[in-house]
1. So what is log10(I(q)/I(0)) for the range 130-253 at q = 0.11, 0.14, 0.23 1/Å, when the Debye sum runs over its Cα atoms only?
2. Give me the distance in nm between label points sitting 7 Å out from Cα along the Cα-to-Cβ direction at I17 and F81, one decimal.
3. Using only the alpha-carbon atoms, how far is helix 157-168 inclined from the longest principal axis of the chain? Give it as 0 to 90 degrees, nearest 10.
4. What do you get for Rg/Rh over the range 1-134 if you use C-alpha atoms and the Kirkwood form of Rh?
5. I need the shape label for the range 90-163. Rule: rounded when a/c is under 1.5, else prolate if a/b > b/c, else oblate, with a, b, c from the alpha carbon gyration tensor.
6. Summing -39500 (n - 2.57) over the DSSP H runs of n ≥ 4 in the chain and dividing by its residue number, what mean residue ellipticity at 222 nm do you reach, to the nearest 500 deg cm²/dmol?
7. Tell me the net charge near A134. Cut-off is 14 Å between Cβ atoms, A134 excluded, with +1 for each Lys or Arg and -1 for each Asp or Glu.
8. Averaged across orientations, what area in nm² does the convex hull of the alpha carbons in the chain project?
Amino acid sequence: MRAVILSEYGGSDVLRISEVPTPAPGDGQIRIRVSAAALNPADALIRAGALASRVPVRDHYIPGLDVAGIVDALGGGVHSFEVGDAVIGMSDWPDTQAGTHAEYVVLPATAVAAAPRHASPVQAATLPLNGLTARQALDLLAPADGATVAITGAAGAVGGYLVELAAARGLHVVAVAGSQDEELVRKLGASLFVPRSDDPAAAIRAAVPGGVAGLIDAAALGESVIGALGDGGTFVSVLGAGPAAERGIRVSQVQVHSDAVQLAELATLADAGLVTLRVDRTMPFSEAAAAHDTLASRGLRGRIVLVP
Ligand SMILES: NC(=O)c1ccc[n+]([C@@H]2O[C@H](COP(=O)([O-])OP(=O)(O)OC[C@H]3O[C@@H](n4cnc5c(N)ncnc54)[C@H](OP(=O)(O)O)[C@@H]3O)[C@@H](O)[C@H]2O)c1
């Protein structure tokens, strides 16, 4: 099969298209013929070697965590899918090292769900990693009913899903994003908008004088934003351990993991129009290096999706 591979870590120039063996599904696994695979910041981290200490040395790696495609072959004991089903899935890189930026990927059945029925494969491929991250971050936040929570990076892929999922749970969402993103994040369900600034804690406090009960830091602002929380609040970091705890604040870190049940729920929410699948552009595998460069330029308001 054709795949985007890297044989050494580095910049986008280490990415190549190559013929590699097509993986075979083992027990409990599914082989998916890839229709579309989103490109995420995690893929740039894999390419740069940020996860090198967590993977065995191999002659090549295939990046890619998100996939939408068609079930192509079933391993033993898989009864929940049939060949030909349209599915979405998430690869638990670095545990799996199974990359979706390839014509085929093998994933455990527990990482796969039926694709949203009203979305194209390109749209559907934007859901798994970031939808699951948002869902699992909200579960960690565990806010009280009707609480006021702040989301930084609210216009980003994780942040956008967070705003929608939090609003759907009846929370009051304070969205921190660029001024040009106000209309977008309000449409996603934010009840308050705070423009990004050098002092996001003060800006959020100006909007919510007592401080917010919970904060999910999808822009990785860390120390500069913990002051937005009221005493005893909860801070969820998406990148690293997060800032030092203070004033009885609980600080935790989300580490996304595949979950077929949660993924199926997200697909249902997408079909109901409660979760918005945002695509910036599609690019072929052969332009993977250019796609990584475009992702690094930031300012995107939808995912780049790679197609075979
Ligand atoms: N822990 C996990 O399991 C997990 C899973 C998935 C993702 N992540 C991490 O989560 C982070 C977000 O990922 P993503 O895919 O959502 O990235 P993204 O789409 O690039 O979103 C990040 C957003 O934050 C915005 N931003 C940057 N600085 C800001 C500031 N000072 N105030 C407010 N917004 C600001 C960015 O705007 P501009 O584009 O204008 O800069 C962008 O809209 C990344 O660090 C990613 O690696 C972690």
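Values quoted throughout were computed directly from the atomic coordinates according to the rules given, and no laboratory measurement underlies them. Predicted model only: the values in this text are computed from it and were never measured. Because the Cβ atoms are built from the backbone with ideal geometry, glycine has one as well, and the counts that use them run over all protein chains shown.
1. Per q value, in the given order, log10 I(q)/I(0) is -0.28, -0.46, -1.44.
2. 2.5 nm
3. Its long axis makes an angle of about 60 degrees.
4. Values: Rg = 14.1 Å, Rh = 14.8 Å.
In the range 1-134, Rg relative to Rh is 0.95.
5. On the way: a/c = 2.23, a/b = 1.81, b/c = 1.24.
Prolate shape, in that a/c is at least 1.5 and a/b is the bigger ratio.
6. On the way: 9 runs with 78 residues, N = 308.
-7000 deg cm²/dmol, from helical runs alone.
7. Numbers: positive: R135, R169, R278, R303; negative: D66, D139, E164, D217, D259, E265.
Net of charged neighbours comes to -2.
8. On the way: hull surface 60.3 nm².
The Cα convex hull of the chain, projected and averaged over all directions, gives 15.1 nm².
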